[in-house]
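J.: Pasting in a structure now, in structure tokens, and then I'll have a few things to ask.
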Amino acid sequence: MLRLAIAAGEPIRPGSLEQALQTSRPTINRALRELLAAGFLEKLGDGRSTRYVATEAAKAALGASPSATHSPAGPALLQWSPATMPLIETLRAPLRTRTPVGYESSFVGSYIPNQSSLLPSQLAADLFNAGRSRDQLPAGTYVREVLEQLLIDLSWSSSRLEGNNKSLPDTKALFAHAEQEGPLDEDT
């Protein structure tokens, strides 16, 4: 995006970047915000007349980078492998120029849920692992934590309205251990 802004030689519109990079407007806007925050772009105007111009810091950063001589490969600034480029070019072609194809009926007929796969098992496992965050919790963990806290807060607040003298930590302990240390009292 910076290379395009520098190559334009004049303030550039977000729509021009969207067309040149063949990516969505939200992606362009997110990248523009990041480049503005980093001081690589300067915003001129507002609304429909908004334009962006590369700063001297951007020119210096790109001039010092080893990849300053070539433009980004493929759409959305992703680096595609050489084997993938023919597929990317096919996908860039207008729909009316593509050869229509149907689905493989034998695959659908012989498909066994949770057993059949289009990908080799090792590749599927590698893609699964690459898509996960290192510290990602199992599905539902965050929701469970929020609901547990909500249950404790609602119980404690309801009990307080009824005149209960238990503190919030006591209520948490009661839910955590499902029992109270010591003898039971009327509030418990």
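J.: Starting from the stretch 159-175, keep only residues that are farther than 12 Å from Glu186 by Cα and touching a residue at least 12 places away in the same chain (Cβ under 8 Å), then list their pairs with residues that are hydroxyl-bearing (Ser, Thr, Tyr) and in a helix (DSSP H, G or I) whose Cβ atoms are within a distance under 8 Å, requiring at least 6 positions of separation or different chains.
T.: Thr171/Ser155; Thr171/Ser159; Phe175/Ser155
J.: Could I ask something else about it? Is one or more of the residues making up the stretch 160-178 hydrophobic (A, V, I, L, M, F, W, C), modelled with pLDDT under 85 and exposed (fewer than 10 other Cβ atoms within 10 Å of the Cβ)?
T.: Checking the stretch 160-178: at least one residue is hydrophobic (A, V, I, L, M, F, W, C), modelled with pLDDT under 85 and exposed (fewer than 10 other Cβ atoms within 10 Å of the Cβ).
J.: Turning to a different aspect of this structure: Within the group Leu147, Leu151, which residue is at pLDDT 80 or above, touching a helix residue (DSSP H, G or I) at 6+ places or on another chain (Cβ under 9 Å), open to solvent by 80 Å² or more (accessible area, probe 1.4 Å) and at negative phi? Outline the logic, then answer.
T.: Details: Leu147 fails: touching a helix residue (DSSP H, G or I) at 6+ places or on another chain (Cβ under 9 Å).
Result of the check over Leu147, Leu151: Leu151.
J.: If a residue has to be outside any loop (DSSP other than H, G, I, E, B) and of a type in the set (S, T, N, Q) to count, how many in the stretch 80-132 make the cut?
T.: 8
J.: Of all residues in the stretch 1-19 being open to solvent by 60 Å² or more (accessible area, probe 1.4 Å) and of a type in the set (Gly, Ala, Ser), which is nearest to Pro94 (Cα to Cα)?
T.: Ala7
J.: Residues that are outside any strand (DSSP E or B), open to solvent by 50 Å² or more (accessible area, probe 1.4 Å), at pLDDT 85 or above and within 14 Å of Leu2 (Cβ to Cβ): does the stretch 57-76 have at least one?
T.: So far as the stretch 57-76 goes, no, none of its residues is outside any strand (DSSP E or B), open to solvent by 50 Å² or more (accessible area, probe 1.4 Å), at pLDDT 85 or above and within 14 Å of Leu2 (Cβ to Cβ).
J.: If I ask for residues that are over 26 Å from the mean Cα position of the chain (by Cα) and either among the small types (Gly, Ala, Ser) or assigned to a helix (DSSP H, G or I) (or both), which ones from the stretch 26-46 would you list?
T.: Correct list: Gly45 only.
The values are calculated or read from the model by the stated rules, or taken from the named source; none is laboratory data. Not measured: the values here are computed from a predicted model. Note that each Cβ is placed from the backbone with ideal geometry, even for glycine, and that neighbours are counted across all protein chains shown. Quick note on the areas: whole protein, heavy atoms, side chains included, nothing else; ligands and nucleic acids left out. Shrake-Rupley method; radii C 1.70, N 1.55, O 1.52, S 1.80 Å.
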